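Below: the structure, in structure tokens.
The values are calculated or read from the model by the stated rules, or taken from the named source; none is laboratory data. These numbers come from a predicted model, not from an experiment. A quick note on method: Cβ atoms are made from the backbone with ideal geometry, for glycine too, and the neighbour counts reach across all protein chains shown. Keep in mind that these areas ignore ligands, DNA and RNA; they rest on the heavy atoms of the full protein, side chains included. Shrake-Rupley method; radii C 1.70, N 1.55, O 1.52, S 1.80 Å.
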Protein chains: 2
Amino acid sequence: MSTAEETAGAEAQPWGEVTPDAARRLLLAAVEAFAERGYHATTTRDIAGRAGMSPAALYIHYKTKEELLHRISRIGHEKALDVLRTAARAEGSPTLRLAEAVSSFVRWHAGGRTTARVVQYELDSLGPDARAEIIALRRLVDAEVRGIIEEGVRSGEFDVPDVRGTTLAVLSLCIDVARWFNVNGSRTPEEVGALYADLVLRMVGAGRTDTVRAE
Amino acid sequence: MSTAEETAGAEAQPWGEVTPDAARRLLLAAVEAFAERGYHATTTRDIAGRAGMSPAALYIHYKTKEELLHRISRIGHEKALDVLRTAARAEGSPTLRLAEAVSSFVRWHAGGRTTARVVQYELDSLGPDARAEIIALRRLVDAEVRGIIEEGVRSGEFDVPDVRGTTLAVLSLCIDVARWFNVNGSRTPEEVGALYADLVLRMVGAGRTDTVRAE
DNA sequence: ACCGGTCCTAAGCGATCGCTCACCCTTGCC
DNA sequence: GGCAAGGGTGAGCGATCGCTTAGGACCGGT
């Protein structure tokens, strides 16, 4: 390891899989810039500048500016899907698993708000092929949540008249956290995760027996 | 009246208050363009072209491109606030009024998705002064919803441990409709409004006596 | 010492951006 | 008819965009 840079906080150290060190620094700079100003308002000179390089350096590691967004979006979605699956496929009742899935998914969006913002809101700055690939990943996310809800309905724990619509609403609620969450605000990602898990359990009618809190 | 253009659908004919006819056509063109591509990716030439004018015509009615976004955002927020207040301040129990408030607010975001998208997601393309003005309007929206929930808690109809957090979640849920709603999709704005009203009533614990559907 | 490969920079190309300027056409008022 | 005012256009200015090109610094292997 060359540079021992670790950003404190909930963002952990993602992008570890991006192999050339300079390429990772550029990608990290792009995430910050895209999250702050949006994809179209970000210049390649700004990205390179944040990474401490000349504008031309970007094109050694990435073919176009859009490829940067594509890679960020794909890695980010895979990460989010992984977080969700870990919770969704654990042991336990649908109630427990749904609570943990929502809680961890929300924590990911709140804690890694910088990344999540780019991943969730810059989708249609991508070209058709890249967008199609990302949409496929999103369908997997949707299927994961819908699976838990369907199971809960079958087991009688949940009371959900419209499974598809409720799944949509649950995911919408979680994703929108990336829009409003403020790092300097009064709530921690953990608090929001716990609150949202409780709200979602109410939405699926799981509070009739006993409300299980994910701690 | 000169041009009898009316767009069919739920968008009605807003922007009626924009007085010079050419200015309204330009503004309508800007809404479409901003919603499709985002503010920064939209060129002034594109806006003028959609309105059937030359690029220079834009600057007769608006000082800058940002002024267009500012006006769209302010008028849109006022409209959304008006829709919400009409439902929130009607007669009836907090349960009924919350259901109608959510339902109509969602219908506005789904039916007028083009406008809502610009209004809700291009906020930070505005300068500091304009953004501050819009944020003030948002606080009024928040206060309106929080008022109903607080009233429901006082009357015993609702069971809400975290009023501020739940208010945030309810509004987040409604606003995010503008992101995912698809006009060609299988759900109408009315259906989504009814579904969301039901989900929100569950979130505030209003389903214990009887579930009132807004029809 | 010489090499090929990797990583990077300075300079700049063509295109396009937001916006301006000089000028024209129509309209209403006297 | 005269004429100011408002609404419009064609051309283009300076700036900046994404991206390319030519070339240099550093590296380990032989």
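Some observations on this one:
- Filtered residues of region A:115-144 (kept if over 23 Å from B:ALA41 (Cβ atoms) and either within 14 Å of chain B (Cβ to nearest Cβ) or open to solvent by 60 Å² or more (accessible area, probe 1.4 Å) (or both)): A:ARG139, A:LEU140, A:VAL141, A:ASP142
- Selection status of A:TYR59, hydroxyl-bearing (Ser, Thr, Tyr) and within 11 Å of DNA strand C (Cβ to nearest atom): yes
- Pairs, first over 16 Å from B:LEU126 (Cα atoms) in region B:39-55, second more than 8 Å from DNA strand C (Cβ to nearest atom) and of a type in the set (Asp, Glu), C-beta under 8 Å, six or more apart: B:ARG50/B:GLU32
- Looking across region A:22-38 at every residue that is in contact (Cβ under 8 Å) with a residue 12 or more places away in the chain and surrounded by fewer than 19 Cβ atoms within 10 Å (Cβ to Cβ), the one that is nearest to the other protein chains (Cβ to nearest Cβ) is identified as A:GLU32.
- Test for A:ALA214: is it modelled with pLDDT under 95 and either closer than 22 Å to B:ARG179 by Cβ or in contact with a helix residue (DSSP H, G or I) (Cβ under 8 Å, 6 or more places away or on another chain) (or both): yes
- Scanning region B:172-186 for residues that are without any contact (Cβ under 8 Å) to a residue 60 or more places away in the chain and open to solvent by 10 Å² or more (accessible area, probe 1.4 Å) returns B:TRP180, B:ASN182, B:ASN184, B:GLY185, B:SER186.
- Residues (surrounded by fewer than 18 Cβ atoms within 10 Å (Cβ to Cβ), of a type in the set (S, T, N, Q), farther than 16 Å from A:GLU144 by Cβ and away from DNA strand C (no atom under 16 Å from the Cβ)) located in region A:62-95: A:SER93
- Condition met for A:VAL160 (β-branched (Val, Ile, Thr) and under 14 Å from the mean Cα position of the chain (by Cα)): no
- Selection within region A:39-61: residues that are among the polar types (S, T, N, Q) and under 21 Å from B:PHE34 (Cβ atoms). The member of this set that is most open to solvent (accessible area, probe 1.4 Å) is A:THR43.
- Flag for A:VAL106 being in contact with a Gly (Cβ under 8 Å, 6 or more places away or on another chain) and either within 16 Å of DNA strand C (Cβ to nearest atom) or within 14 Å of chain B (Cβ to nearest Cβ) (or both): yes
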